[in-house]
Amino acid sequence: MFGEKRKFRRRSINRVAKFVTESGALPRDCIVTNISEGGARLFSEAANIPDQFRLLIDGDTPIREECRVVWRLGGEIGVSFITREKERERLNAIKSFRVQAKSALQNSG
């Protein structure tokens, strides 16, 4: 009746990690309690975690993911990974700059 609705299977990892904000503040500790291809569940004692940040998990295969908070419950936070979304935005911006530069060069000559 109450089946799993997540897109990706979560795996329990319980690893210490860090999150970095855009403000330039020092990285702060958190614990990743579980993780999937699309997101993670974190625990942090930090009081003012922003809605977006970068998650850093060290290990044999380090993980660096841009995250967006999707829920909060006390010190627990659910995040979705938006790294691919950010990469697409960056690629689209680069394409747009190239088109603008090409157009400017054609118009100046």
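Within the stretch 68-99, the residues that satisfy the criterion of being in contact with a Phe, Trp or Tyr (Cβ under 6 Å, 6 or more places away or on another chain) and not in a loop (DSSP other than H, G, I, E, B) are Glu76, Gly78. Exactly one condition in (1) under 20 Å from Arg10 (Cβ atoms); (2) surrounded by 15 or more Cβ atoms within 10 Å (Cβ to Cβ) is false for Glu76; which is it? Single failed check for Glu76: (2). Taken over the stretch 62-109, the residue count meeting the criterion of being modelled with pLDDT of 85 or more, out of contact with any Pro (no Cβ under 9 Å at 6 or more places or on another chain) and on the phi < 0 side of the Ramachandran plot is 19. One residue stands out in the stretch 49-67 among those that are without any contact (Cβ under 8 Å) to a residue 40 or more places away in the chain and surrounded by fewer than 16 Cβ atoms within 10 Å (Cβ to Cβ): the one that is farthest from the chain's Cα centre (by Cα), namely Asp60. Would you confirm whether or not the stretch 20-28 contains a residue that is in a strand (DSSP E or B), without any contact (Cβ under 8 Å) to a residue 40 or more places away in the chain and not charged (D, E, K, R)? Looking through the stretch 20-28, at least one residue is in a strand (DSSP E or B), without any contact (Cβ under 8 Å) to a residue 40 or more places away in the chain and not charged (D, E, K, R).
A residue that is in contact (Cβ under 8 Å) with a residue 40 or more places away in the chain, loosely packed, with under 14 Cβ neighbours inside 10 Å and either on the phi > 0 side of the Ramachandran plot or in a strand (DSSP E or B) (or both) occurs nowhere in the stretch 36-48.
The values are calculated or read from the model by the stated rules, or taken from the named source; none is laboratory data. Not measured: the values here are computed from a predicted model. Cβ: placed from backbone, ideal geometry, glycine included. Neighbour counts: every protein chain shown.
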